[in-house]
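Colleague: Sending over a structure as structure tokens; questions will come in a sec.
The values are calculated or read from the model by the stated rules, or taken from the named source; none is laboratory data. Not measured: the values here are computed from a predicted model. As a convention, Cβ positions derive from the backbone with ideal geometry for all residues, glycine included, and neighbour counts pool all protein chains shown. Accessible surface areas use protein heavy atoms only, side chains included; no ligands, DNA or RNA. Shrake-Rupley method; radii C 1.70, N 1.55, O 1.52, S 1.80 Å.
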Amino acid sequence: VQTDGREPAWPAAPFGCKAPLKVEPGWVFAEAAESHRVTEVLVANGQALTGEPAGRQIWHFDPKKAEGLAKGGGGQAPPSFSAVANPNSADLVFRRQMAARFKASGDESLAREAAKQVQAKYAPRGLLRGVDASKDSQAQASVRKGFDFYQRIMCADGHFAGDYGGPLFLLPGLVITWYVTGKPSDVISPAQQRAMVVHLRNHQQADGGWGTHIESPSTMFGATLNYVALRLLGAERGDEACVQGRAFLRRHGGALYTASWAKLWLCVLGVMEWEGHNPVPPEMWLLPDWLPFHPSRLWCHCRMVYLPMCYLYGTKFAHPPDALTLELREEIYPQGADYKALPWDRSRHWVAAIDDYSPVHPLMVVAQNALRHAWERLGGGLLGKARAAGLAYALRYMEAEDRQTNFVCIGPVNKVMNMLCAWHAAGGSSQAQGGTGGGTGGAAAASQRARQASTWKRHVLRVPDYLWLAEDGMKMQGYNGSQCWDTSFAVQAMVESGLADAFPLPLRRAYSYLEKTQILSTPTSQASEAFGYESEPARREYFRHVSKGGWPFSTSAHGWPISDCTAEGLKGMLALRHLRALNRDVWPDKPAMPDERFFDACNVLLTLQNTDGGFATYENNRGYGWYEALNPSEVFGDIMIDYSYVECTNASIGALAAFHADFPEHRASEVVAGIERARQFLIDIQRPDGSWYGSWGCCFTYASWFGVEGLLQAGEDPSSSEPLAKACAFLLKHQNTNGGWGEDFSSCFDKRYAPKGMKLFGDKPEGSGVVCTGWALLALMAAQRHEPHEVKAVQRGVAYLLARQLDDGDWPQEGISGVFNRACGITYTAYRNVFPIWALGRFANEYEPHLKSVGKI
């Protein structure tokens, strides 16, 4: 749904097909150390993976092994997929395979034995809770059933894996990089190519286009990139999918009207001239960093994407024309257009109305024109020297980013661009693939090319980190996963339910995973090159915030800590350290977690509080609000600086409060003062209707859960707090008649509560969903809403979750629940398990018992 009223729609079957496409059997999931072994065998380029293996998750094609899994019930024929029913995968390929592995590997027996051991030790003394299922209430039984299912799909290293796809503009960048570097099979194998084609065809919409993400109506951004990717992966121009895709492009003016990020990839492929792309001058990095504007002041995701972009622009990298790209030069522009006569310079600012979510500000247009018409035309020798120095710095900076992240990189966009830049700097295919290479410049230049060739090879090893296989095909994820984030939430949900003592094995594994995942805090992580960049001079040179002691969104090897991920990781570890089931007398192999590591996490959090009292994501805000007038992306909003967010602020409040309870002497005055400043920030940004806007989830129910929890953990009194009362009134107002709540992505895009709820991909016809319902219930119960109408609302919400639970303990996959940069949805398949379990657990363990104790039910 977008502001022009368009909605996504798909054909009953992909164009030219009789039914939705399935991925072929033979795919096998591997995680952690096993994933390292698999990759190093399959790629075998003489390089080794570095950093902590914990949390790494990949898919590889191994029909023989898959056949063995099939005998155990985990390798059945891949499930069907229909975008018409729901464009979100239910992640059934992964879930079925893991459930079968749980049984076949002996984990099912290990889980029972661990629970018996804990009961034998503590039950006689009456020290355990929740171990007698016969006494369960209906909600407790649902939680037990839900977590019994969820533990079966847990990875052996202790993390919860899942589909983190959704964006449709990511995979084409990898495909283009693969193509222009000679189509190496260790970057994209033939089996991966086939699975990617399945994904591209399944998500093509009835109008012939593709969306920016899987629930978006078609955009020129999505359509241009995915059309090109489909052709590069082997589809012929006469293929019905290409015929329809080409018609969509031409109806909207052709590729001259696509978004700037797509234009950059077209320039790289050699199907658009660089004159058609606005300047991204690498010499901007040479500006003094004390100036009001310097690229180091940008939000890190923005900064790290425009870094390789400036290298590609500065070198004017372009794939030489070949038969296929010459065809594409005809296909993606208006029919009959003369490629050489297209108005490249004038079209730099052209963008289709359906893409123009964040119109480029006139100030930025002036700046871009000045760079093109004045600096680049009149700069002369000074331009040449500055550009050469800027390119050299950009290459060094990319190298630092690569090594700080063990070649994972902060995200998929800069991952593939950094990889391509290394290939180019290595002299192209000959040097990067291990030959002697060409080039000039003597021994120093040859050494640099050899170093970049090694960089390319190490990048290749990390490509699988971003690829996920589900019933809709193979996609490129929005990160290398959401492992730490999902696992931290799952741990807190289970501990709060009161049933943790009954599930010692998965909680021990989660503890081990979280211990390994704390950034630069283990011997393995400190043995990597990344640790060398943690020194203050290195951080200052490459504009990095402190990392050691934080937790990431995904894996330790990724190396970028985030405030809310650090907070949720810290809360998870603090919750687990008090469980009897994790005591050394029943778990002698428990990994050590010295107090100093908790102190490190607290220290990282305190550094991430902005001057407004809120908490930023990766770094403190370094820029100014007017930077947003320089946003060149068109398709994303609020990408220029690291703002304070309600989600990050609540998570940080909760972590600091829990830390202070366990370690009351450590930086006590700073912790208390930080919590108070954060409390005021939450009050200041609350909307007049009582809600908060969610920047990372859909949307107002998500943010309201965070806002309510944050105020309470900061000391707000639920019996008298006006902000809490307003927030709860907002949630109650939006409860549906079936007891649930529901929002889809349009809430984020339009910044207003979705008028149709989740009617498109939720529980029809009322538009409720289990994830939104979980968030709303958590907020209402935390706020201790005990008036009769409030109690009834909570009970109706609980009944809704109970009714939606499936026979195996899972819940159905509904619409997309995540978002970034206002305009792009992203998938969290774990949410459909974690938040119903958490809400039902809170109801059964806290809310309902309290009401009974005071005679209200």
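Colleague: Evaluate the Debye formula for region 263-399 with equal point scatterers sitting on the alpha carbons, no solvent, and hand back log10 of I(q)/I(0) at q = 0.14, 0.17, 0.19 Å⁻¹, in q order, two decimals.
Modeller: -0.75, -1.08, -1.29
Colleague: Give the aspartates and glutamates reachable from LYS316 as a straight Cα distance under 12 Å; neighbours fewer than 8 places away on the same chain don't count.
Modeller: Hits, sequence-local ones excluded: GLU273, GLU275.
Colleague: Using only Cα atoms, tell me the angle between helix 504-517 and the longest principal axis of the chain; keep it within 0 to 90° and round to the nearest 10.
Modeller: 40
Colleague: So what's the net charge close to MET640: Lys and Arg +1, Asp and Glu -1, counting the other residues with Cβ under 12 Å from its Cβ? Show your work: numbers first, answer last.
Modeller: Numbers: positive: ARG297, ARG303, ARG622; negative: GLU628, ASP638, ASP642.
After counting each charged neighbour, the total is 0.
Colleague: Let me ask you something else. Which distance in nm do the two modelled labels at THR737 and SER720 give, with both placed 7 Å along the Cα-to-Cβ direction?
Modeller: 4.1
Colleague: In nm, what is the difference between 0.36 nm times the number of residues separating LYS116 and ALA77 and their Cα-Cα distance?
Modeller: On the way: separation 39, 0.36 × 39 = 14.04 nm, distance 3.62 nm.
The span from LYS116 to ALA77 would gain 10.4 nm if fully extended.
Colleague: Quick one: length gained pulling GLU275 to LEU382 fully straight, 0.36 nm per residue minus the C-alpha distance? Intermediate results must be reported in sequence, preceding the final value.
Modeller: Numbers: separation 107, 0.36 × 107 = 38.52 nm, distance 2.06 nm.
36.5 nm is the gain from fully extending GLU275 to LEU382.
Colleague: Let me ask you something else. Where a Cα-Cα gap under 15 Å defines reach, which aspartates and glutamates qualify for LYS571, not counting those fewer than 8 residues away within the same chain?
Modeller: Qualifying aspartates and glutamates at Cα under 15 Å: ASP486, GLU496, GLU515, ASP595, ASP600, GLU647, ASP662, GLU709.
Colleague: Once you sort the root eigenvalues of the Cα gyration tensor of region 751-824 as a ≥ b ≥ c, which label holds: rounded (a/c under 1.5), prolate (a/b larger than b/c) or oblate (the other case)? Mind showing how you got there, number by number?
Modeller: Working: a/c = 1.86, a/b = 1.26, b/c = 1.48.
Judged from the Cα gyration tensor, region 751-824 comes out oblate (a/c at least 1.5, b/c at or above a/b).
Colleague: Shifting gears a bit: Is the C-alpha gyration tensor of region 80-154 telling us rounded, prolate or oblate? Criteria: a/c under 1.5 is rounded; beyond that, a/b larger than b/c is prolate, otherwise oblate.
Modeller: Values: a/c = 4.78, a/b = 1.87, b/c = 2.55.
In terms of gyration-tensor shape, oblate.
Colleague: Among the lysines, which fall within straight-line cross-link reach of LYS135, defined as a Cα-Cα distance under 25 Å, with same-chain neighbours fewer than 8 residues apart omitted?
Modeller: Correct list for LYS135: LYS116, LYS121, LYS145, LYS792, LYS852, LYS856.
Colleague: While we're on this one: Could you derive backbone 3J(HN,Hα) for region 610-626 from the dihedral phi with the Karplus parameters 6.51, -1.76 and 1.60 (θ = phi - 60°), listing whole Hz in sequence and x where the residue is Gly or Pro?
Modeller: Once θ is set to phi - 60°, the couplings for region 610-626 become 7, 5, 7, x, x, 10, 7, 8, 8, 8, 5, 4, 9, x, 9, x, 5 Hz.
Colleague: Still on this structure, I have one more. Net charge around PRO688, counting only other residues with Cβ within less than 15 Å of its Cβ (Lys, Arg = +1; Asp, Glu = -1)?
Modeller: Values: positive: ARG687, LYS726, LYS733, LYS751, ARG752; negative: ASP684, ASP689, GLU722.
Net local charge, PRO688 excluded: +2.
Colleague: If you fit an axis through the alpha-carbon atoms of helix 483-497 and take the longest principal axis of the Cα set of the chain, what angle between them do you get, 0 to 90°, nearest 10?
Modeller: Between the helix axis and the principal axis of the chain, the angle is about 10 degrees.
Colleague: When the accessible area of region 124-237 is computed with all protein chains present and a 1.4 Å probe, what percentage of it is carbon and sulfur?
Modeller: Working: 1480 of 3020 Å².
After summing per-atom areas, the C and S share lands at 49 percent.
Colleague: How high is the relative contact order of region 96-164, in percent, with contacts defined as C-alpha pairs under 8 Å that are six or more residues apart?
Modeller: Numbers: 20 pairs, mean separation 27.6, N = 69.
The normalised contact order for region 96-164 reaches 40 percent.
Colleague: Taking the chain as the reference, fit the longest principal axis to its C-alpha atoms, fit the long axis of helix 220-232 to the helix C-alpha atoms, and give the angle between the two in degrees, 0 to 90, nearest 10.
Modeller: 70
Colleague: Which of the peptides 181-188, 23-30, 823-830, 562-569 is most tightly packed, and how do the rest follow, judged by the mean count of other Cβ atoms within 10 Å per residue? The partial results should precede the final answer.
Modeller: On the way: 181-188: 17.6, 23-30: 20.2, 823-830: 26.1, 562-569: 28.1.
The peptides rank, most packed first, as 562-569, 823-830, 23-30, 181-188.
Colleague: Here's another thing I want to ask about it. Once R0 is set to 41 Å, what does the formula 1/(1 + (r/R0)^6) return for the Cβ-Cβ distance between TYR542 and LYS756, expressed as a FRET efficiency to the nearest 0.05?
Modeller: Working: r = 46 Å, r/R0 = 1.11.
According to the calculation, E is roughly 0.35.
Colleague: With n ≥ 4 as the cut-off for DSSP H runs, can you work out [θ] at 222 nm for the chain, using -39500 (n - 2.57) per run divided by the number of residues, rounded to the nearest 500? If you can, show how the numbers build up before the last one.
Modeller: Values: 33 runs with 405 residues, N = 857.
That calculation yields -15000 deg cm²/dmol at 222 nm.
Colleague: Under 1.5 on a/c is rounded, so check that first for region 233-278, then, if it is not, pick prolate when a/b is larger than b/c and oblate when it is not; a ≥ b ≥ c are the square roots of the alpha carbon gyration tensor eigenvalues.
Modeller: Numbers: a/c = 2.99, a/b = 1.62, b/c = 1.85.
The shape class here is oblate.
Colleague: Still on this structure, I have one more. Only one of the listed values, [x] 32; [y] 61; [z] 42, was derived from the coordinates as percent of Cα pairs over 41 Å apart; which label is it?
Modeller: Calculated percent of Cα pairs over 41 Å apart: the matching label is [x].
Colleague: Full extension from ARG687 to LYS64: what is 0.36 nm times the residue separation minus their Cα-Cα distance, to one decimal in nm? Walk me through the numbers on the way to the answer.
Modeller: Details: separation 623, 0.36 × 623 = 224.28 nm, distance 5.66 nm.
Net length gain for the segment: 218.6 nm.
Colleague: While we're on this one: Around GLU275, with a cut-off of 12 angstrom between Cβ atoms, what is the net charge of the other residues, counting Lys and Arg +1 and Asp and Glu -1? Can you show the working numbers first?
Modeller: Numbers: positive: LYS263, LYS316, LYS340, ARG346, ARG348, ARG372, ARG377; negative: GLU273, ASP345, GLU376.
Summing Lys and Arg as +1 and Asp and Glu as -1 gives +4.
Colleague: Could you check the spin-label model distance between HIS373 and LYS316? Points 7 Å from the Cα along Cα→Cβ, value in nm.
Modeller: 2.0
Colleague: Take the Cα of VAL365, step 7 Å along the line toward its Cβ, and report every residue of region 614-648 whose backbone nitrogen sits under 17 Å from that point.
Modeller: In region 614-648, the label zone of VAL365 (backbone N under 17 Å from the point 7 Å along Cα→Cβ) covers 629-635.
Colleague: Given R₀ = 60 Å, what would the calculated FRET efficiency be for ASP595 paired with LEU287, taking r from the Cβ atoms and rounding to 0.05?
Modeller: Working: r = 43 Å, r/R0 = 0.72.
Approximately 0.90, to the nearest 0.05.
Colleague: Could you tell me the calculated FRET efficiency between PHE15 and LEU606, based on Cβ-Cβ distance and R0 = 60 angstrom, to the nearest 0.05?
Modeller: Values: r = 55 Å, r/R0 = 0.91.
After rounding to 0.05, the efficiency reads 0.65.
Colleague: With label points built 7 Å along Cα→Cβ from the Cα atoms of ALA337 and ALA729, find their separation and express it in nm.
Modeller: 5.4
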